[in-house]
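The values are calculated or read from the model by the stated rules, or taken from the named source; none is laboratory data. Owing to the predicted nature of the structure, the values given are computational and were not obtained by experimental measurement. Positions of Cβ are backbone-derived with ideal geometry, glycine not excepted, and every protein chain shown enters the neighbour counts. The accessibility values were calculated without ligands, DNA or RNA, using every heavy atom of the protein model including side chains. Shrake-Rupley method; radii C 1.70, N 1.55, O 1.52, S 1.80 Å.
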Amino acid sequence: MLEFRKDIFADERDDNLLEIGQPTQRQDMLGHVTATSRYYDDHRFANLLHLKVLRSPHAHARIRSIDDSAAARAPGVKRIIRAADVPVNLNTLLSLMQFGKDDEPSLATDVVRYKGEPILGIVATSERAALEAMALVRISYDPLPAVFDVEEALKPGAPSVNPTYPKNTFEYHGKYDHQKLRFGDVDAAFAQADVVLEDRYQMSPIEHAPTETNGSIAVPDTNGRIVVYTSTQALFFSLDTAAKINALPSNQLHFIGGTVGGGFGGKVDTMTEPLAILAARLTGAPVRYRFSRHEEMQFGSPRGAERIYIKDGIMRDGRIIARQVRAYFDSGAYTRLSSYAVIKCAGHIPGPYTIPNVSADIYCVFTNRTPATAMRGFGVTAIDFAIECQMDKDAVAIGMDPLEFRMLNAYRDGDMKAHRREAKNCALIECAQVAAEKAQWPLRDEFRRMSSRQGGAARAGVTDRSRMPAPAVPPRVPASTTQRVTYERPMPAVSPAATPPPPPPTPPQPPAPAASGHGARRFSSVFGTRRR
Amino acid sequence: MAKHHGRGVATINYPIGMNLGGDPSQALVHSNPTGKFTVSLSSIDLGQGMKSVIRQICAETLGVPVADVYVDTADSDTGPHCTGSFASRGTHRVGNAVMVAAREARAVMMEAAAEELEVDPGDLETDGRGNIRVKGAPHRSITVREVAMAAQFKQGKTIAGRGIFLVPLSDVDPETGEMSPATCYAHACVIVDVEVDDETGDVSVLKMTSAYEIGRAINPKMVEQQLVGGAWMGMSHALYETVEPYYPDPREGPRDFNEYLMPGPGDICPHEIVVLERPAPDGPFGAKGIGEMCANPVLPAVANAIFNAVGVRINDLPITPEKVLRAIKARGGAVPQARMR
Amino acid sequence: MKTPIQFRLNGEDVAAFVEGGANLLDTLREIVGDLSVKGGCWQGTCGTCTVLIDGVPRLSCITLAETCSGSSIETAAGLRRGSELHPLQIAFMERFAAQCGYCTPGMLMAAKALLDKNPNPTRQDVIEAISGNICRCTGYEPIINAVLDAAREHARSRA
Ligand code: FES
Ligand code: FES
């Protein structure tokens, strides 16, 4: 059941709208219930060919030889696609945004780096004919040592997974093997904290499992262009990626999609379009490349597994005075989008709390498994799991109610966040109050009266900007020069259990590093060498 | 041997749009000669409701009924660029783009109406039902249909608009991580009640109670869809899902839905949801994206509830019965914690 | 070698030539042209391809087409009568019981099989009837409620 609390923040809202807020029927609902919504695979073409790829059975191996002669002669086979047929056989997904270096082939050349890596494409008159031909391909491999654990991968002597990043980590800013976040002085704070708590968290790799698997159909058009019906979550992203790999001007491709059977992040990677287009160009016929469910589950990129270490310094009165995070994103064999998630995670730490001393080191690590990608909550789901479990342990450690503990530390308007931007438009406290009321989770009075709109800026020592006209987008200013210097906050009555004298405030923070040379780097510098 | 009840909580926020920005979306809006509008996009509806959200935002901005707007997506020949449907960016980014486009189209429509009514465009307003009228003198009005006909056949005006929304790319400091990750954040608090069987390690989720702050609900039914479905996925991630059950050992990965576990219709629980709306200053009508954040708080809340029930902390996902049972054994039995007051 | 088969599809006679191993899902989609049936796993584990064969819900992806000769098959395409929607379709709309919509045809058929047999199902009956159908979007709650609504509506319209 869904209910609204319109009374909260009512003064910030214009509720006199006609269409906004109405439970209008979805534009696509009639199509869904009459089973007439057209997904990419609901387009029909005469003489459709089918592409299946042969995948590596090894997690890491050198390909010694490939004999596809019998497969090429098999019934129904129209074309074998080899690595050499791919016009630009090295790409990284974020290359269009100049994020990182090209590191992933469409078809493996000499080495396979994960179990399931595509090696050959077989285009045939039916999926069955393609699969039967696949059984006739002979490949000999020299298996290589593989590494599967993110921390093992960082040890000296670990097998090197990805030749573009031989040390098994993505490169940030052309010099670091991880992204840093530094705010305040965690070491000094840990020395002062009443309680220091550290733990390790492990996310699992997870499959998006949309009911429609990834796929596309590439159809040669009358005028030499290729029309592509696709399940992509990002039409132009996929179009531009496919154009690059096929060395085609983008206007030679016409992508049609927009009605997709679920994605959850698993249909961003453009896993089928480039080869389907190549196959259509090589055969002159429409070609479908559709993932089987097994391919979708094991070789379609999953949500990556992240390993996270958190160390918190807490005072007995409930304040968290330091949080230190070390996290390893398991990117699998290639970068895809994990490099981006690392930065997103860094920007998210320490969660929706105001903590004066924060430090984080986040690594994007290569291992010999299926490359990971975005999934619902990308870069945040795992760190939120870790932070919120840790918050619970912190609360238990100092004998405080876990919800009140969160509210006490919740960020409020005007607070300074660890990435040095002022918190605005906060509502964590209100969510906690409303959920508590609904679930009959008793909160003490002072917590029921708390507000995200009060006590932030003042306690944080941040310039009050509320009277300045709100810019449409945040100004691209360098480091805030108004970083808070004190983290005193109005304390609610201390929990009955413990009433030690309030500890001295943390020492004044050193101001953010000088503004010069600060924040002025182009984003591409984050990802090291530019693509071109 | 017993079943133990436990309660856990988590509070989270979620950044809307691609981290650091730099992810534009465009929209085109135009009227046909009889005053019905088409929005052309290349944005993807993968079930989240993109088409419908954009339709409502466009209708509100134009000042016409939602039935008079149709959203056409996604064709790269006709739809202008959109970075894609991910990062909870659709409502926020595409919604803003379509507002810009609809405002431009509306301005032409009002000009054309003013010319027909021989008044100043500034004196006109829409009634949201397909009419444009003089403020304070509602009897002096004209239908949107008549205006569109006049614009097309008499005045030679295109009732059309273009829109783009871009949060400029932020820099990231290599040493401190200083950056502008997002311009708007959604919030949530979820309280989960579970029952843990200390004989089997089995965890059942009994109830979820949640509050989500989403800026503005463009469509409450679709908000409910996302929040209910998302919480289900959060519970699924917490207790069931993995493609590598022995991670980092990669063996024994599931190949189909018999081997890849998710809660079925018999495993779901009642979910009480309360929605709060603190409009985002840069959201379309204040709206924030809710597609991703709805799953996140459920994972830790379930883990915390299990601790509350039996006194064991499981730090590795998913929290399978095997892990719970081993932890209970290692602790020498279930140790129920204090009930949450 | 292709085998001729004949069956009734949503009340119409249909004939097709199929390969020996052809499954009903491919036959309906690729040969007969009924695209209302969707495939999600092609291995009998997701329920997306559910159709009714002589009133019984079956997974068309693991049903040999040849075995369907002489049967009566119902798919989601046959649910509405002209422009009139089936009560299940109306209830799915009103409950917002579809998001991506990809599981919907199979869900509708699984639910129809239940209501045809048991017009007054309990919540538990509904859960059991759709438990072979995966939905990744909705969390099932709206689907269960829609089926219960449709049953009630069905009962009312006949009362
Ligand atoms: S497609 Fe038939 S059960 Fe999945
Ligand atoms: S609505 Fe998407 S799978 Fe059910």
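Among B:Pro265, B:Pro80, B:Pro279, the largest mean-square fluctuation in a Gaussian network model of chain B (Cα springs under 10 Å) belongs to B:Pro265. The angle between the Cα long axis of helix A:273-283 and the longest principal axis of the Cα atoms of chain A comes to about 10 degrees, rounded to the nearest 10. Full extension of the chain segment joining A:His43 with A:Asp221 gains 62.7 nm, where the gain is 0.36 nm per residue of separation less the Cα-Cα distance.
Pick from B:Arg313, B:Arg251, B:Arg55: which is most flexible by mean-square fluctuation in a GNM of chain B where alpha carbon atoms under 10 Å apart are linked? In this elastic network of chain B, the residue with the biggest mean-square fluctuation among B:Arg313, B:Arg251, B:Arg55 is B:Arg251. Size of the stretch B:81-137 from its Cα atoms: along the principal axes, largest to smallest, the extents are 46, 19, 16 Å. Straight Cα distances below 25 angstrom link C:Lys112 to the lysines B:Lys221, C:Lys38, with same-chain residues fewer than 8 positions distant left out.
Please state, as a whole number in µm²/s, the translational diffusion coefficient that the Stokes-Einstein equation yields for chain B at 20 °C and 1.002 mPa s, with Rh defined as the Kirkwood radius across alpha carbon pairs. My calculation gives 94 µm²/s for D. Comparing B:Ala137, B:Ala105, B:Ala74 in a Gaussian network model of chain B (Cα springs below 10 Å), the most mobile by mean-square fluctuation is B:Ala137. Computed across the stretch C:87-158, the Kirkwood radius stands at 11.7 Å (inverse of mean 1/r, all Cα pairs).
The residues of the protein assembly as shown expose on average 34 square angstrom of accessible surface per residue, using a 1.4 Å probe on protein heavy atoms. Per residue of chain C, the DSSP helices (runs of n ≥ 4 H) give a summed -39500 (n - 2.57) that works out to -9500 deg cm²/dmol at 222 nm. Among beta bridges from DSSP that stay inside the stretch C:2-78, the antiparallel ones total about 90%.
Translational diffusion of the stretch A:102-221 was estimated from the Stokes-Einstein equation, with Rh taken as the Kirkwood radius over Cα pairs; at 4 °C and 1.567 mPa s the coefficient is 65 µm²/s. Surface composition of the stretch C:2-78: carbon plus sulfur atoms contribute 49% of the solvent-accessible area (1.4 Å probe, protein chains only, all chains present). Put a dot 7 Å past the Cα of B:Thr34, heading toward its Cβ, do the same for B:Asp249, and the two dots end up 6.9 nm apart. Converting phi to 3J(HN,Hα) with the Karplus coefficients 6.51, -1.76 and 1.60 and the offset θ = phi - 60°, the stretch B:259-276 yields 9, 9, 8, 8, x, x, x, x, 9, 7, 9, x, 9, 8, 10, 10, 10, 10 Hz in sequence order, with x at every glycine or proline. Spin-label pair A:Glu446-B:Glu125: with each label point 7 Å from Cα along the Cα-Cβ axis, the two points sit 4.8 nm from one another.
If you fit an axis through the alpha-carbon atoms of helix B:220-239 and take the longest principal axis of the Cα set of chain B, what angle between them do you get, 0 to 90°, nearest 10? The angle comes out at about 20 degrees.
The contact between chain B and chain A removes approximately 11800 Å² from the accessible area (both sides summed; 1.4 Å probe; ligands, DNA and RNA excluded).
Interface burial in the stretch B:5-19 reaches 50 Å² or more for B:Arg7, B:Val9, B:Thr11, B:Asn13, B:Met18, B:Asn19, comparing the full protein assembly with the chain by itself; accessible area from heavy atoms with a 1.4 Å probe. Taking Cβ separations below 4.7 Å as the criterion for a possible disulfide partner, the isolated cysteines in chain B are B:Cys58, B:Cys82, B:Cys184, B:Cys269, B:Cys294. For B:Val274, the residues whose modelled amide H falls within less than 5 Å of its own, excluding neighbours fewer than 5 places apart on the same chain, are A:Glu3, B:Ser210, B:Ala211, B:Tyr212. Along each principal axis, taking the top coordinate minus the bottom one, the Cα set of chain A gives 84, 62, 44 Å in descending order.
Ignoring lysines fewer than eight residues from A:Lys115 along the same chain, the ones with Cα atoms less than 26 angstrom from its Cα are A:Lys52, A:Lys101, A:Lys155, A:Lys167, A:Lys244, A:Lys267.
Across the alpha-carbon atoms of chain C, the computed radius of gyration and Dmax are 15.5, 53 angstrom. Partners of B:Lys154 within straight-line reach, counting aspartates and glutamates whose Cα lies under 17 Å from its Cα and excluding those fewer than 8 residues away in the same chain: B:Glu111, B:Glu115, B:Glu116, B:Glu118, B:Glu146.
Would you mind checking the tilt of helix A:235-245 against the longest principal axis of the Cα atoms of chain A, expressed as 0 to 90 degrees and rounded to 10? Long axis of A:235-245 versus the principal axis of chain A: about 50 degrees. Taking the DSSP bridge list for the stretch B:189-304 and keeping only pairs wholly inside it, about 55 percent are antiparallel. Compute accessible area for the stretch A:408-438 by itself and then with all protein chains, 1.4 Å probe, and report residues whose area falls by 50 Å² or more. Those are A:His419, A:Arg421, A:Asn425, A:Leu428, A:Cys431, A:Ala435, A:Lys438, which lose 50 Å² or more relative to the chain on its own. This model, with +1 at the C-beta of Lys and Arg and -1 at the C-beta of Asp and Glu, gives the protein assembly as shown a dipole about its Cα centre of some 1080 debye. Once the gyration tensor of the Cα atoms in the stretch B:27-91 is diagonalised, the equivalent ellipsoid follows with semi-axes of 20, 14, 8 Å, ordered largest first.
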